[in-house]
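Comments concern the structure below.
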Amino acid sequence: MRKSGGIIALIAGIFGTGAAFVTLFFGAVAGGLESIEGVDDTGAGDMILAMGWIGVLAAFATIILGAVAMNAETKKPGILLIIAAIIGAIGGGTFTMIFMLLAAIGGILTLFGDKKETLKS
């Protein structure tokens, strides 16, 4: 179960990185539109950019921790994976949140999965 949880976390981190870059793109567009004279400067573009960078960092952490969790002897990578997924889901924006929830499921699998995997012959 740890390997499958790590693989799920890797996939979620890769797709989460793409979603975070989409969020960064929308933040850049909103920031550019705010710079046009006559448009209200609400600071929404800066907030969306910050959410995009939080999503990128959380997605990269998810990729690294997912790879480490596959062969880890302890439960620490699973715990850190769940924490990174929660931070990414809260601070990364809507697109990133979808994949960070998938990463949290992978973290739970690595946390509660047993190290011994039996092969049926």
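The values are calculated or read from the model by the stated rules, or taken from the named source; none is laboratory data. Being a predicted model, the structure only gives us computed values, none of them experimental. Ideal geometry is used to build each Cβ from the backbone, glycine not excepted, and the neighbour counts take in all protein chains shown.
In this structure, does GLY16 turn out to be surrounded by 15 or more Cβ atoms within 10 Å (Cβ to Cβ), out of contact with any strand residue (DSSP E or B) (no Cβ under 9 Å at 6 or more places or on another chain), part of a helix (DSSP H, G or I) and at pLDDT below 90?
Taking the combined requirement at face value, the residue does not satisfy it.
Considering only segment 23-56, state which residues are in contact with an Asp or Glu (Cβ under 6 Å, 6 or more places away or on another chain) and in a helix (DSSP H, G or I).
Across segment 23-56, the qualifying residues are GLU34, GLY45.
I'd like the full set of residues that are more than 9 Å from the chain's Cα centre (by Cα), surrounded by 17 or more Cβ atoms within 10 Å (Cβ to Cβ) and at pLDDT below 90, limited to segment 92-109.
Passing the criteria: GLY93, PHE95.
Working only within segment 89-115, note down all residues that are among the hydroxyl-bearing types (Ser, Thr, Tyr) and closer than 10 Å to GLY16 by Cα.
THR96
Cβ contacts < 7 Å: first residue closer than 14 Å to GLY88 by Cα, restricted to segment 40-66; second residue not in a helix (DSSP H, G or I) and not acidic (Asp, Glu), any location; separation 6+ or different chain. Result?
MET51/GLY92; MET51/GLY93; GLY52/GLY93; ILE54/GLY92; GLY55/GLY92; GLY55/GLY93; ALA58/GLY92
If you check every pair at least six apart or on different chains, which have Cβ atoms under 6 Å apart with a residue in segment 85-104 that is without any contact (Cβ under 8 Å) to a residue 24 or more places away in the chain and over 15 Å from MET47 (Cα atoms) first and a residue that is hydroxyl-bearing (Ser, Thr, Tyr) and crowded, with 24+ Cβ neighbours inside 10 Å second?
Note: no pairs meet the criteria.
So which of ILE82, ILE36 is touching a helix residue (DSSP H, G or I) at 6+ places or on another chain (Cβ under 8 Å) and at pLDDT below 95?
On inspection, the qualifying residue turns out to be ILE82.
Looking at (1) surrounded by fewer than 20 Cβ atoms within 10 Å (Cβ to Cβ); (2) modelled with pLDDT of 90 or more, which one does ALA58 not meet, given that it meets all the others?
Every listed condition holds for ALA58 apart from (1).
Count, please, the residues in segment 57-95 that happen to be assigned to a helix (DSSP H, G or I) and closer than 17 Å to VAL29 by Cβ.
So the count comes out to 2.
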